[in-house]
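Structure record follows, encoded as structure tokens.
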Amino acid sequence: MDQSVDEPSSALSTAESERVRLARLALTAALRVPGVLGSDTGPGKLFVTVGDGERLQGIVCAAAKSGGYGVGLRLVCGMVPLPQLAEQVRAAVRLAAARAAIDIVSVDVTVADVVTATGVANLAHTAGG
């Protein structure tokens with residue numbers, strides 16, 4: 001009887017680890033795309049993925065009813081063509097997930113802010129201080 005209780009707990013732990021691993025991979029892939037300057041937690045600082053002792057900011061990964069995961073990103077970007085940037089981010093996230101053999105059903109990209117060269121300097125100063 002204890003085994004039947006432990007099995008769902010183990011399955012949940014594995015699913016959570018995969019979800020957090022996907023969030024980490026997807027966020028890293030997005031931040032490597034030229035023109036992406038950072039991520040944003042949104043109003044109320046709730047746009048995060050939490051689990052396995054981590055708090056990944058600017059990304060939400062949720063299990064989809066059909067299987068796999070939906071990925072949502074809130075990004076701070078430079079002055080670049082945003083539709084093309086969003087496509088590059090989606091492609092980078094899909095590639096990272098495929099390499100990790102994690103199924104994703106959607107990648108939503110929200111541009112939370114567009115920062116000018118002056119804004120980038122201010123952003124760097126704020127992050128450093």
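For Val111, the residues 5 or more places off, or on other chains, whose built amide H falls under 5 Å of its own are Leu75.
Counting other beta carbons within 10 Å of each residue's own, what order do Leu95, Leu85, Leu31, Leu46 fall into, fewest first?
Numbers: Leu95 12, Leu85 21, Leu31 17, Leu46 8.
Listing Leu95, Leu85, Leu31, Leu46 from fewest to most nearby Cβ atoms yields Leu46, Leu95, Leu31, Leu85.
FYI, it's all coordinate maths here, none of it is from the lab. Bear in mind that the values here come from a model prediction, so they are computed numbers and not experimental data. Glycine also receives a Cβ, built like all others from the backbone with ideal geometry; neighbour counts cover every protein chain displayed.
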